[in-house]
Amino acid sequence: MRRFLLAFIIIATALSLNAQEDSRSLLNDLDYKVEFQSSVSDGQTPLWLNANKHGLSSLDEVNGYLRGMVERPLAADSARNWGIGYALDLVAPLHYTSNFIIQQAFIEARWKKGVVTIGSKEFPMELKNNELSTGSQTLGINARPVPQVRLALPDYWIIPGTKNWLALKGHIAYGKTTDDRWQKDFTDIHQRYTEGTLYHSKAGYLKIGNADKARVSLELGLEMACQFGGTSYRFHSDGSFDDEVHQQGGLKGMLKAFVSGNGSDAVDDLYSGGSGNTLGSWLARFNYDNDKWGFSLYADHFFEDHSSMFLTEYDGYGEGTEWQVKKDSRFFLYALKDIQLGLEFRLKDFRWIDAFLFEALFSKYQSGPIYHDHDEVVADHIGGQDNYYNHSIYTGWQHWGQVIGNPLYLSPIYNTDQSIDIKNNRSKAYHIGFSGSPYPCFHYRMLGTYLKGYGTYDTPYSDPRKTVSLLAEACYSFPSTSRLKDWSIKGAFGADKGKLMGDNWGLQVTIAKSGLFH
């Protein structure tokens with residue numbers, strides 16, 4: 001980390017001294033923000049006081065932080081073909097998983113619409129309301145940022161020759177997780193943990209619709225991610241050491257992670273799948289907008305392998321000595337049951353409620369309860385029990401104990417047995433959220449979620465566990481004419497009621513000051 005910070009300072013200084021198009025220094029246009037937050041709960045921190053905060057949260061009854069950030073946004077160079085941005089965001093927490101947190105530390109460069117980012121940065125969700133949604137199932141905002149090198153088209157680029165009707169955006173990224181020490185501490189080196197896990201994500205989004213002529217548009221997307229490389233340490237059920245598994249990294253590992261389904265894990269046998277822990281989502285969003293109001297319908301279908309990605313599995317193998325030979329053109333079809341659906345309304349002239357959202361999430365199917373690979377006797381090939389967010393080698397789709405996707409999949413920080421597993425990934429949930437700004441300096445949001453969890457296929461709950469989670473949050477920003485301009489204060493009340501997360505309620509207060517250095 002010291003090497004990274006030194007390189008960050010050297011690069012930022014060099015850019016500020018040398019990369020100038022006019023007399024302005026790249027040390028100008030600096031934003032700053034200082035923030036203090038305190039949370040007090042009866043029981044653990046309620047779901048919506050903890051979730052979707054880019055991992056900057058804690059379940060302890062009393063917790064908080066002091067945070068300071070300096071940033072030069074890319075928007076400072078919006079009038080140029082190129083742009084330079086950077087940020088350093090440091091946190092001194094109380095009762096968190098770390099005693100000190102470098103939440104964000106990045107430098108990025110833009111040429112026209114293309115952006116390269118190096119470091120840790122909080123990226124928003126795509127095709128969802130970041131304030132009201134429960135979260136994306138693949139690339140969410142629930143866990144701490146992963147340091148990475150990311151090449152992106154962050155905004156839609158109109159495809160030439162389509163008369164403004166087709167546009168693309170997306171990204172490709174490689175990085176490395178930073179929670180090795182936390183995993184050792186959490187498991188007490190008696191449960192499975194990993195070291196040196198590498199990270200890969202990629203996404204592409206296509207927008208159909210002319211914003212200048214049509215009021216409707218359709219957005220289609222594919223998000224994929226992979227954990228690869230590193231070493232996994234595995235243990236027996238009694239806590240004794242089993243073995244360690246070394247996964248391929250380097251350029252070959254990066255290539256296999258990029259090409260989904262390419263390669264195999266170190267412990268795979270004849271039934272090898274893709275290399276590393278590969279997962280993703282198909283996304284779709286239909287939008288309608290006029291001068292007064294608008295609405296969107298959206299869907300997020302999560303998958304862990306080909307059975308849930310394409311809803312098909314080849315099922316035409318032979319028998320006996322030909323049990324591995326593809327004989328017939330026959331496929332097994334899976335049902336499209338696991339999906340997150342949402343409906344969002346936007347009211348542009350009604351300040352009391354300017355957005356309303358309803359979501360439903362279903363994840364019980366997971367390609368069915370039967371897991372069977374064909375053999376010499378039984379030729380039928382059925383692959384179920386996808387076990388969302390979990391993996392036999394890696395500690396699953398999590399970072400620092402928080403799932404990287406949707407927090408309705410119960411994060412490992414809730415576990416009391418020192419295991420880094422997602423213990424509830426088969427659920428159905430219903431969620432509402434709405435927000436408004438009835439006065440120029442006042443904004444609020446309300447969330448309510450009903451979640452019914454069934455555990456996992458391997459370890460189901462004997463009875464489904466239900467919970468209701470609520471959030472009421474309000475923020476007041478002092479007006480520019482006030483002596484306290486640039487200051488804001490936010491208060492939030494959260495509560496959980498049910499067997500899945502227990503009965504909890506809590507209060508959270510956030511005081512912040514932001515402004516410009518120059």
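The values are calculated or read from the model by the stated rules, or taken from the named source; none is laboratory data. Just so we're clear, the structure is a prediction, and the values are computed from it rather than from any experiment. Cβ coordinates were reconstructed from backbone atoms using ideal geometry, including for glycine residues, and neighbour counts include every protein chain displayed. Each accessible area value is taken on the protein alone, full model and side chains, heavy atoms only, with ligands, DNA and RNA left out. Shrake-Rupley method; radii C 1.70, N 1.55, O 1.52, S 1.80 Å.
Residues in region 293-300 carry Karplus couplings, in order, of 7, x, 8, 9, 10, 9, 9, 9 Hz; the curve used is 6.51 cos²θ - 1.76 cosθ + 1.60 with θ = phi - 60°, and Gly or Pro positions show x.
For region 112-181, the extents of the C-alpha atoms along the principal axes are 52, 29, 15 Å, listed from largest to smallest. Modelled this way, with points 7 Å down the Cα-to-C-beta line, the labels at residue 482 and residue 503 are 3.7 nm from one another. For trypsin sites (Lys or Arg not before Pro), the sites in region 412-491 that DSSP calls loop and that have at most 11 other Cβ atoms within 10 Å are 483. Bridgeable aspartates and glutamates around residue 256 (alpha carbons under 17 Å apart, same-chain partners fewer than 8 residues away excluded): 223, 265, 268, 304, 305. Karplus-based coupling profile of region 179-196, in residue order and whole Hz: 9, 4, 5, 4, 4, 5, 5, 5, 7, 6, 6, 10, 9, 4, 8, 10, 10, x, with θ = phi - 60° in 6.51 cos²θ - 1.76 cosθ + 1.60 and x standing for Gly or Pro. Which entries of 128/292; 337/497; 207/428; 184/207; 327/428 show an alpha-carbon separation above 32 angstrom in the structure shown? Those over the limit are 184/207; 327/428.
Estimated from the Cβ-Cβ distance and a Förster radius of 51 angstrom, the FRET efficiency linking residue 430 and residue 322 is about 0.55.
Computed per residue of the chain from DSSP H runs no shorter than four, each worth -39500 (n - 2.57), the mean residue ellipticity at 222 nm is -2000 deg cm²/dmol. For region 306-349, the list of GluC sites (Glu not before Pro) that fall in a loop by DSSP and count at most 16 other C-beta atoms within 10 angstrom reads 319. Under a 5 Å amide H cut-off, with hydrogens placed 1.01 Å from N, residue 331 pairs with 315 among residues at least 5 apart or on other chains. Distance between the C-alpha centres of region 356-390 and region 156-214: 24 Å, rounded to the whole angstrom.
Counting only alpha carbon atoms, the long axis of helix 2-18 and the longest principal axis of the chain meet at about 50°.
With the full set of protein chains in place, find how many percent of the accessible area of region 186-225 is carbon and sulfur; take the probe as 1.4 Å. On region 186-225, the fraction of accessible area on carbon and sulfur atoms equals 55 percent.
Expressed as a rounded percentage, what relative contact order does region 290-412 have, with Cα pairs under 8 Å and six or more residues apart? Dividing the mean separation by the residue count of region 290-412 yields 24 percent. A cut-off of 5 Å between modelled amide H atoms, ignoring neighbours fewer than 5 places along the same chain, links residue 146 with 121. Couplings 3J(HN,Hα) for region 358-372, derived from phi with the Karplus relation 6.51 cos²θ - 1.76 cosθ + 1.60 (θ = phi - 60°), are 10, 10, 10, 10, 10, 9, 7, 6, 6, 6, x, x, 8, 10, 9 Hz, where x marks Gly and Pro. Probing with 1.4 Å while keeping every protein chain in the model, the per residue accessible area of the chain equals 47 Å². Taking amide H as placed 1.01 Å from N in the peptide plane, residue 293 has its amide H under 5 Å from the amide H of 348, each at least 5 places away in sequence or on another chain. Within the accessible surface of region 379-469, defined with a 1.4 Å probe on protein heavy atoms only, the carbon and sulfur portion equals 54 percent.
Summarising the label geometry, the points placed 7 Å from Cα in the beta-carbon direction at residue 168 and residue 288 lie 3.1 nm from one another. What's the local net charge at residue 71, with K and R +1, D and E -1, over the other residues with C-beta under 14 Å away? Combined, the nearby Lys, Arg, Asp and Glu give -3. Sorted into 10 angstrom bins from 0, the C-alpha pair distances of the chain split as 4, 16, 27, 29, 16, 6, 2, 0, 0 percent. Computed in the context of the full set of protein chains, the accessible area of region 115-184 at 1.4 Å probe radius has 62% of its extent on carbon or sulfur.
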